[in-house]
Amino acid sequence: MSDGSDAIKNYYAANLDRQRLEAEERHRADQIGLERYRIRTVSVAVAITLALIPAVSAIGVALVQYVGNQNALRLEGRKEDREFLSTYADQLVGSDLRRRLDFAETAIALAPEGSVAQTLWIQFRDRTRVEQETLVKRNGEILAEASTAELTPESYAALERELEENDARLTGGSDVSLPPRTLEDAFNRPAFDDFVKGLGLRYISSTEMLTLGASNSTEGAAAQGLNSYPPRSVWPNMGEIARVLDEFRHRHGAPIRIVSFYRSPRYNAALRSAATTSRHLTGSAVDFASTKGTPFEWARIMREIRAEGLFTGGIGINSTFLHIDLREGNVDWGLGTASQAQTD
């Protein structure tokens, strides 16, 4: 009889334990439901408030998702980390640092006081502020660098791209830009004019010496827009060549047209027949033509000038122009010469 009595007692005890556990589970579910309802209510209120401000409406939508996820993470016992917060901001707010700061400030206010979540959001906000200050400082440096007279077009374009990227991070748009700049702006023209004036030339002008080449302005050409004005380092070479051209012009008795003088590395590389080590790259070569005579006649006059010791270098005869350059020894090539293959 005692065995049966014990079995009944055990049955009722187990049943009571089951009922107690079910009650606790229902109570826990009710608490979770209330917590979710409370956070959803706060989220909606915050979202509606932020939605009234067009500039940060996206933050309102993002916060609705954030608060829900924050609640889920807490209930599941997970902890947010720095990587999670950055990913969250990237996906929901974007890279605009102003919106990221607004998002972080609101998240700090919503997170439980002194919680891990709040601490991590404070750290996220502080890192974002440092990044913002760094980009603002860099943009100031870019604007200062862009005003440098000797800045090449390529360098200017790189600074312009960097400024646009930084500004997109700072404002989400293009609130700052470099002033419009032409090729002339990137070159110290007054200094070059003074340099050419000091050469004492009779015919050749500084404008002619800055000829960029036909391919630089030909629409659709591979080299279009790739040439630039010569850096100061090559001016002495160009001056020596210009003196030779000036003497040729005097003896020839007719105007000449410079076809190609200095070439930038990018421009030279885009020219199909140009040598990779062309002396045009250092301002030590020039191609020119004239409405009077032929390339053979021009070459004859140029050989006379060379024979008198006015320069040492190469003479290349093309069907439409004459090439001359500075080098250690004298050499001839092109039409009517023993060497037909050389290019420069």
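Would you say ARG243 is in a helix (DSSP H, G or I) and either at pLDDT 95 or above or acidic (Asp, Glu) (or both)? If you could, list the steps in order and put the result at the bottom.
Working: in a helix (DSSP H, G or I): yes; either at pLDDT 95 or above or acidic (Asp, Glu) (or both): yes.
Yes.
If you check ARG266 against the conditions, is it touching a helix residue (DSSP H, G or I) at 6+ places or on another chain (Cβ under 9 Å) and touching a residue at least 40 places away in the same chain (Cβ under 8 Å)?
Values: touching a helix residue (DSSP H, G or I) at 6+ places or on another chain (Cβ under 9 Å): yes; touching a residue at least 40 places away in the same chain (Cβ under 8 Å): yes.
Yes.
If PHE296 satisfies all but one of (1) surrounded by 15 or more Cβ atoms within 10 Å (Cβ to Cβ); (2) at pLDDT 95 or above; (3) more than 19 Å from PHE195 (Cα to Cα); (4) among the hydrophobic types (A, V, I, L, M, F, W, C), what's the number of the condition it fails?
(1)
Residue-by-condition table, conditions (1) over 18 Å from PHE195 (Cβ atoms); (2) at pLDDT 95 or above; (3) small (Gly, Ala, Ser); (4) part of a loop (DSSP other than H, G, I, E, B):
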{"residue": "PRO230", "(1), (2), (3), (4)": "no, no, no, yes"}
{"residue": "VAL234", "(1), (2), (3), (4)": "no, no, no, no"}
{"residue": "GLY239", "(1), (2), (3), (4)": "no, yes, yes, no"}
{"residue": "ALA269", "(1), (2), (3), (4)": "yes, no, yes, no"}
{"residue": "LEU310", "(1), (2), (3), (4)": "yes, yes, no, yes"}
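Under the condition of being in contact with a Phe, Trp or Tyr (Cβ under 6 Å, 6 or more places away or on another chain) and not hydrophobic (A, V, I, L, M, F, W, C), which residue from the stretch 235-269 is nearest to THR320 (Cα to Cα)? If you could, list the steps in order and put the result at the bottom.
Here is the first cut: in the stretch 235-269, the residues in contact with a Phe, Trp or Tyr (Cβ under 6 Å, 6 or more places away or on another chain) are 235, 244, 246, 249, 256, 258-259.
Now narrow it down to the ones that are not hydrophobic (A, V, I, L, M, F, W, C): 246, 249.
Numbers: ASP246: 20, ARG249: 17 Å.
Among those that are in contact with a Phe, Trp or Tyr (Cβ under 6 Å, 6 or more places away or on another chain) and not hydrophobic (A, V, I, L, M, F, W, C), it is ARG249.
Please determine whether any residue of the stretch 215-235 is under 23 Å from ALA299 (Cβ atoms), in the same structural domain as SER319 (by TED's automatic domain parsing), touching a residue at least 12 places away in the same chain (Cβ under 8 Å) and buried (at least 16 other Cβ atoms within 10 Å of the Cβ).
The answer is no, given that none of the residues of the stretch 215-235 is under 23 Å from ALA299 (Cβ atoms), in the same structural domain as SER319 (by TED's automatic domain parsing), touching a residue at least 12 places away in the same chain (Cβ under 8 Å) and buried (at least 16 other Cβ atoms within 10 Å of the Cβ).
Would you check which residues across the stretch 104-114 are modelled with pLDDT of 80 or more and in a loop (DSSP other than H, G, I, E, B) and list them?
PRO112, GLU113, GLY114
The values are calculated or read from the model by the stated rules, or taken from the named source; none is laboratory data. All values reported here derive from a predicted model rather than from experimental measurement. Neighbour counts are summed over all protein chains in view; Cβ atoms, including those assigned to glycine, are modelled from backbone coordinates with ideal geometry.
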